[in-house]
Amino acid sequence: MKQRPSFPARLDSGKTQAVPKTLLGATRVLTPQSPARAKPVAMTSPTGVGLESSTIRARMVKKLMDQGVDDAWVLDAMGRVERHRFVDSALVNQAYEDTSLPIGLGQTISKPNVVARMIALLRAAPGLKGEAMMGRVLEIGTGCGYQAAVLSCLAREVYSIERLRGLHDKARENLRPLRLANVHLIFGDGMLGYPQGAPYSAIISAAGGEHVPQAWVDQLAMGGRLVAPTQTASGQQALVVIDKTPQGLEKTLLEAVNFVPLKSGIA
Ligand code: SAH
């Protein structure tokens, strides 16, 4: 049993619908004191570590804003999901730094900035037409489950697939206390996507391969958007955005990134 500090604050799926509509587009006024993020949390003591955790998270959100993340809904979700619950107890002190951290089996939890950036890209899909919630989302590479928890605030259903049994189990354990009814964890090879949940309005990969697998494109809904790390012509890794439109696929290559490799099969 891992030792966790007893942060009492909880993310539960009931609260995820409660982001006020007025928050939409109101990124400028979203400060750490914003009532939009001041969710009622079950604090046992106002001076406990729980309060400290939300303060540190608010600081992380402020930094994300400074770095250019301007989607208020994404910032809200990043402010609510307790990242420290997803890292090893020895790394809890670094949980809110803008860095990737080891989660075991040679894999890493992505940097908060990268998580926020990729989800903001998904939400900016023209096909989403500014709707608050995404429909069904497929995540490839559950890892420790952190990004799946963030996605659960912003999508109706989240299907997250992981090829390493040890991490699939770890994510299940990390997510269990949060009781996120809209997150479905799957153990399997994400290179094949997950046809049972298709079509997806959004697909996000936390692992980068040479190509974007055709199965992902096939399982993307019309008007849907896929964001993934992929190899560029120069052999580097960069983010690619693929929009499925009635006119065909629209691909946009963005900034260089550094994700763990996308591998086939399960282990
Ligand atoms: N989203 C995760 C990041 C995990 S790192 C988080 O929030 O922590 C990327 C993960 O992708 C690793 O756990 C790795 O095992 C997984 N992965 C790589 N190839 C995969 C594949 N084909 N199918 C499913 N998962 C894969």
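Summary table
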{"item": "The one condition in (1) within 11 Å of the ligand (Cβ to nearest atom); (2) farther than 26 Å from HIS84 by Cα; (3) part of a strand (DSSP E or B) that TRP216 fails to fulfil", "result": "(3)"}
{"item": "One residue from ALA120, ALA124 being open to solvent by 30 Å² or more (accessible area, probe 1.4 Å), at pLDDT 95 or above, within 21 Å of PRO229 (Cβ to Cβ) and small (Gly, Ala, Ser)", "result": "ALA124"}
{"item": "Hits in segment 210-262 (condition: surrounded by 15 or more Cβ atoms within 10 Å (Cβ to Cβ) and either over 22 Å from the mean Cα position of the chain (by Cα) or of a type in the set (Lys, Arg) (or both))", "result": "ARG225, LYS244"}
{"item": "Any hit, segment 182-205, residues being away from the ligand (no atom under 12 Å from the Cβ), of a type in the set (Ser, Thr, Tyr) and either surrounded by 21 or more Cβ atoms within 10 Å (Cβ to Cβ) or not in a helix (DSSP H, G or I) (or both)", "result": "yes"}
{"item": "Any chance VAL158 is at pLDDT 95 or above and open to solvent by 10 Å² or more (accessible area, probe 1.4 Å)", "result": "no"}
{"item": "Test for VAL150: is it open to solvent by 20 Å² or more (accessible area, probe 1.4 Å) and closer than 25 Å to VAL92 by Cα", "result": "no"}
{"item": "Residue match in segment 30-43 (condition: at pLDDT 50 or above, exposed (fewer than 13 other Cβ atoms within 10 Å of the Cβ) and not polar (S, T, N, Q))", "result": "no"}
{"item": "Count - residues of segment 240-265 that are within 8 Å of the ligand (Cβ to nearest atom) and of a type in the set (A, V, I, L, M)", "result": "2"}
{"item": "Residues of segment 100-113 that turn out to be surrounded by fewer than 19 Cβ atoms within 10 Å (Cβ to Cβ), out of contact with any Leu (no Cβ under 7 Å at 6 or more places or on another chain) and closer than 14 Å to LEU64 by Cβ, as a count", "result": "1"}
{"item": "Search result, residues across segment 67-95 that are outside any helix (DSSP H, G or I) and open to solvent by 30 Å² or more (accessible area, probe 1.4 Å)", "result": "GLN67, GLY68, ASP70, ASP88"}
{"item": "Pair list, Cβ under 7 Å, 6 or more apart: segment 131-156 residue in contact (Cβ under 8 Å) with a residue 12 or more places away in the chain and over 25 Å from ASP218 (Cβ atoms), other residue within 14 Å of the ligand (Cβ to nearest atom) and not aliphatic (A, V, I, L, M)", "result": "CYS144/PHE86; CYS144/LYS170; CYS144/ASN174; GLY145/PHE86; GLY145/ASN174; TYR146/ARG83; TYR146/PHE86"}
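The values are calculated or read from the model by the stated rules, or taken from the named source; none is laboratory data. The model shown is predicted, which means the values in this text are computed figures rather than measured ones. When we count neighbours, we look across all protein chains shown, and the Cβ atoms used for this are built from the backbone with ideal geometry, even at glycine. Just the protein is used for accessible areas: all its heavy atoms, side chains included, with ligands, DNA and RNA removed. Shrake-Rupley method; radii C 1.70, N 1.55, O 1.52, S 1.80 Å.
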